[in-house]
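Structure first, then comments.
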Amino acid sequence: MTNNELIEKLKGIIAPYIQDEAAFENLNEDTDFVKDLKINSANLVDIILDIEDEFDIRLENEDMEKMLDVKSAMAIVNAKLDA
Amino acid sequence: MVGNDIVDIAQAQKDSNWQRPRFLDKLFTEKEQEFIKNSGDKTITVWQLWSMKEAAYKLYVQKHPSRFYAPKQFECVAHASIWKVNYKEFSCYLSIKKTTDYIVSEARLIPHKMTSELVVFKDENLKSQRQVLRDKLSERISKSDNIWTNTIEFQKSEFGIPTVKFDSKIMNLSLTHHGRFGAFAF
C-alpha cells in the first residue's frame, strides 16, 4: 500500500468523528486528531478500533499512546502490517 | 493545580457506543470493567470513570508536560467512597458531580470539594462555546482577583496545556466542554 492509499483509508475511518471540516479537507501527515480535527478524546478509541478492523491488526497500549496524529497512525499501521 | 472534565450524557450516548466489541477493554482495566459490570447504571458508570481518567490526565500533564493517549493506564480506585486515579507513581483525588444530564469530575493532588463551575451553552458551535467558556472564566477571575478582564490573557502550551496570565502572574486552570455543557476550575 502506498502512503497515499493509506492516508485515503485513514481519512475514511476518521471522517465520522471530525468536528472541523476545513482541517479535514486539508488533512495531511501532520494533521493532529485533537488539535486540528477537534476529535473528542472518547472517539479516539473508536478510530483505534476501526483501524484494527479495517487492517485486521491489534494495537497494544504502547501503540495507542502515540495515536494523536495522522503521521503516528500511519507509522503504527505500517509497522503492524510489516510484522 | 486542577484538572477537570465534563461529559454530556446525551451527547456521549449519541457519539459513542461503549458496548461495541473491545471498547471497554481498550479504555478500562479489568478491575474497572468488573466495577462497570456490577454497577446499577452501566452507561453512567462508564462515563463517570472516563471523565475521572480525563480529569486526572489533565492534572498529570500540568505536573509533567507531555501529551499521550493512555486512558487504560489511568486507573480509578475507590477507597471507602473516596475516588483516586493512579498512573505509574502519580496519584490524585477526584471529586465527582452527577446529574441526569452530565457528569463532571475534578482532579487535585489533595482531597478537595468540587470547585468546577458549570456553563450551559446556548450555541452548538464549538468555537463560540470555547469563547463563552473563556469569557465566563475571565469574568470569574476578574471578580476574585479584582482585575480588569482585558488584562487576562489565555495561553496554551505546545502540549495543549492551558494557563492564564495577568498581573505578571501565571495561573494553572482547567477548562472542559462537551455537548451542551462546559466547566472551568482554577
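The values are calculated or read from the model by the stated rules, or taken from the named source; none is laboratory data. Everything quoted here is computed from the prediction, not taken from an experiment. Don't worry about glycine lacking a Cβ; one is built from the backbone with ideal geometry, like all the others, and counts go over all protein chains shown.
Scanning the stretch B:51-81 for residues that are more than 30 Å from B:PHE121 (Cα to Cα), in contact with a strand residue (DSSP E or B) (Cβ under 7 Å, 6 or more places away or on another chain) and part of a strand (DSSP E or B) yields B:GLU75, B:VAL77. Given the criteria assigned to a strand (DSSP E or B), within 14 Å of chain A (Cβ to nearest Cβ) and not charged (D, E, K, R), does B:ILE6 qualify? Considered against the rule, which asks whether it is assigned to a strand (DSSP E or B), within 14 Å of chain A (Cβ to nearest Cβ) and not charged (D, E, K, R), B:ILE6 comes out as yes.
Scanning the stretch B:63-88 for residues being away from every other protein chain (no Cβ under 13 Å) and surrounded by fewer than 21 Cβ atoms within 10 Å (Cβ to Cβ) gives a total of 12. Any chance the stretch B:110-120 includes a residue that's touching a residue at least 24 places away in the same chain (Cβ under 8 Å), in a loop (DSSP other than H, G, I, E, B) and over 15 Å from the mean Cα position of the chain (by Cα)? Yes, the stretch B:110-120 contains at least one residue that is touching a residue at least 24 places away in the same chain (Cβ under 8 Å), in a loop (DSSP other than H, G, I, E, B) and over 15 Å from the mean Cα position of the chain (by Cα).
Looking at the stretch B:12-33, which of the residues that are more than 9 Å from chain A (Cβ to nearest Cβ) and assigned to a helix (DSSP H, G or I) is surrounded by the most Cβ atoms within 10 Å (Cβ to Cβ)? Among them, the one singled out is B:GLU32.
Looking at B:GLU139, is it out of contact with any helix residue (DSSP H, G or I) (no Cβ under 7 Å at 6 or more places or on another chain) and either over 19 Å from A:ASN40 (Cβ atoms) or outside the structural domain of B:VAL61 (by TED's automatic domain parsing) (or both)? Step through it out loud before you land on a result.
Working: out of contact with any helix residue (DSSP H, G or I) (no Cβ under 7 Å at 6 or more places or on another chain): no; either over 19 Å from A:ASN40 (Cβ atoms) or outside the structural domain of B:VAL61 (by TED's automatic domain parsing) (or both): yes.
It is false that B:GLU139 is out of contact with any helix residue (DSSP H, G or I) (no Cβ under 7 Å at 6 or more places or on another chain) and either over 19 Å from A:ASN40 (Cβ atoms) or outside the structural domain of B:VAL61 (by TED's automatic domain parsing) (or both).
The set of residues in the stretch A:50-83 being among the aliphatic types (A, V, I, L, M) and surrounded by fewer than 18 Cβ atoms within 10 Å (Cβ to Cβ) consists of A:ILE57, A:MET74, A:ALA75, A:ALA79, A:LEU81, A:ALA83. Cβ-Cβ contacts under 7 Å between residues 6 or more apart (or on different chains), taken from a first residue in the stretch B:56-84 that is within 27 Å of A:LEU59 (Cα to Cα) to a second residue that is among the acidic types (Asp, Glu), are listed as B:LYS58/B:ASP5; B:PHE68/A:GLU65; B:TYR69/A:GLU65; B:ALA70/A:GLU65; B:GLU75/B:GLU32; B:CYS76/B:GLU32.
Taking the stretch B:131-186 as the range and being surrounded by fewer than 17 Cβ atoms within 10 Å (Cβ to Cβ) and within 14 Å of another protein chain (Cβ to nearest Cβ) as the test, the residues that pass are B:LYS156, B:SER157, B:GLU158, B:PHE159, B:GLY160. Which residue is nearest to B:ALA70 (Cα to Cα), if the candidates are limited to the stretch A:48-63 and must be of a type in the set (Val, Ile, Thr) and more than 10 Å from every other protein chain (Cβ to nearest Cβ)? The extreme case among them is A:ILE51. Helices (runs of 4 or more DSSP H) fully within chain A that include at least 2 residues being aliphatic (A, V, I, L, M) and in contact with a Lys or Arg (Cβ under 7 Å, 6 or more places away or on another chain): A:41-55.
Taking the conditions (1) in a strand (DSSP E or B); (2) surrounded by fewer than 20 Cβ atoms within 10 Å (Cβ to Cβ); (3) β-branched (Val, Ile, Thr) in turn, B:VAL104 satisfies each one other than (2).
Just to be sure before I move on: is B:SER91 within 14 Å of another protein chain (Cβ to nearest Cβ) and not in a loop (DSSP other than H, G, I, E, B) in the structure I sent? Walk me through how you get there before you give the answer.
Numbers: within 14 Å of another protein chain (Cβ to nearest Cβ): no; not in a loop (DSSP other than H, G, I, E, B): yes.
Here the answer is no, as B:SER91 does not meet what is asked.
Quick one: would you say B:GLN62 is in the same structural domain as B:LEU175 (by TED's automatic domain parsing) and closer than 29 Å to A:ASP32 by Cα? Criteria not met by B:GLN62.
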